[in-house]
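Notes follow once the structure below has been shown.
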Amino acid sequence: MNDKQSRYKEVLQQAKALADTDAIAYMANVAALLHAYFSFWWVGFYRVKAATLVLGPFQGPLACTRIAYGKGVCGTAWKNKQTIVVPDVEEFEGHIACSALSKSEIVVPLLQNQEVKAVLDIDSEQLDAFDKEDVYYLEQLSAIMTQHICFDKD
Ligand code: SME
């Protein structure tokens, strides 16, 4: 098991232990957890609210507060209902640059009843920072979170 795998396994274990039905509370702790384990440049969530993505709990520099359906990497992951890995943000047409220092990005949707309720967005200052392993573990993290959060109560 490599270092990244073992850190992700600990993150998943802790995410299970931190499970909360409240979206904001749970997302806040998971953002802190991922930041503590990986020192990502920016890690956080956008929630689907009234047909827009609205900034949720995050760790890192200030970020844009609203993203439309189909826009940017986050809005595209929402539209496609699929994880997107962007090795070089300058190559992604329509990428929304919240920070000029962000070079690569991964966005993982949180799905409940086949509907995207939120997205997990992680930015790195390094090019090509995310691979199949990140997809695998972050999708597991998304599944753990959606098993517990009651989005419809928000
Ligand atoms: N880059 C994202 C916007 C959010 S920030 O990275 C925090 C996008 O293109 O959707």
(request) Test Ala118 against the criterion of being more than 16 Å from Ser39 (Cα to Cα), more than 12 Å from the ligand (Cβ to nearest atom), of a type in the set (Gly, Ala, Ser) and open to solvent by 30 Å² or more (accessible area, probe 1.4 Å), and give yes or no. (result) no
(request) Search region 67-82 for residues that are at negative phi and pair each with any residue that is more than 10 Å from the ligand (Cβ to nearest atom) and part of a helix (DSSP H, G or I) when their beta-carbon atoms are under 8 Å apart and the residues are at least 6 apart or on different chains. (result) Tyr69/Lys79
(message) Condition first: within 13 Å of the chain's Cα centre (by Cα), over 17 Å from Glu115 (Cβ atoms) and of a type in the set (A, V, I, L, M, F, W, C). Now tell me which residues in region 53-71 satisfy that.
(response) Leu55, Phe58
(message) I need the full set of residues from region 89-107 which are under 15 Å from the mean Cα position of the chain (by Cα), near the ligand (Cβ under 9 Å from one of its atoms) and open to solvent by less than 20 Å² (accessible area, probe 1.4 Å), in order please.
(response) Ser102, Glu105, Val107
(message) Considering only residues that are assigned to a helix (DSSP H, G or I), of a type in the set (Asp, Glu) and closer than 16 Å to Asn2 by Cβ, which ones fall in region 124-154?
(response) Glu133, Asp134
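Here is a yes/no grid of residues against (1) among the hydrophobic types (A, V, I, L, M, F, W, C); (2) more than 24 Å from Leu101 (Cβ to Cβ); (3) open to solvent by 40 Å² or more (accessible area, probe 1.4 Å):
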site: Leu18; (1), (2), (3): yes, yes, yes
site: Val30; (1), (2), (3): yes, no, no
site: Phe58; (1), (2), (3): yes, no, yes
site: Leu62; (1), (2), (3): yes, no, yes
site: Thr76; (1), (2), (3): no, no, no
(request) Scan region 103-123 for residues that are of a type outside the set (A, V, I, L, M) and in a strand (DSSP E or B) and jot them down. (result) Ser104, Glu105, Pro109, Gln112, Glu115, Lys117, Asp121, Asp123
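The values are calculated or read from the model by the stated rules, or taken from the named source; none is laboratory data. Because the structure is a prediction, the values reported are computed rather than measured. A quick note on method: Cβ atoms are made from the backbone with ideal geometry, for glycine too, and the neighbour counts reach across all protein chains shown. All accessible areas refer to the heavy atoms of the entire protein, side chains included, with ligands and DNA or RNA removed. Shrake-Rupley method; radii C 1.70, N 1.55, O 1.52, S 1.80 Å.
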